[in-house]
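Enquirer: Okay, handing you the structure first.
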Amino acid sequence: MTTTDDTPVLPDPRVQPTMIVPEAGRLLGLQKAASYNAARRGDIPTISVGRRLLVPTAKLRALLGIDAVAPTDVAA
């Protein structure tokens, strides 16, 4: 997921609960092989669903210190 100026944007976990490892890696500035290596080491949080290795969007946001709650959901 990107904006019109190609700046990567982390998706809302309520809209996209998981992403593939290379997509998470791109958001972190990693190439495909480096992304899988980071996932294998546990640097990128993953879950296994069958044979697929997925990255939970909420955990990636938490790892990066990004609040998963949208600003409109926060009381003023």
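Enquirer: Looking at (1) open to solvent by less than 60 Å² (accessible area, probe 1.4 Å); (2) at pLDDT below 95; (3) in a loop (DSSP other than H, G, I, E, B), which is the one condition that is false for D67?
Expert: (1)
Enquirer: Which one of these does L27 not meet: (1) at pLDDT 95 or above; (2) surrounded by 16 or more Cβ atoms within 10 Å (Cβ to Cβ); (3) not aromatic (F, W, Y)?
Expert: (1)
The values are calculated or read from the model by the stated rules, or taken from the named source; none is laboratory data. Since we're looking at a predicted model, the values are computed, not measured. Glycine gets a Cβ as well: all are built from the backbone with ideal geometry, and neighbour counts include every protein chain shown. SASA here: full protein model, heavy atoms, side chains in, ligands and nucleic acids out. Shrake-Rupley method; radii C 1.70, N 1.55, O 1.52, S 1.80 Å.
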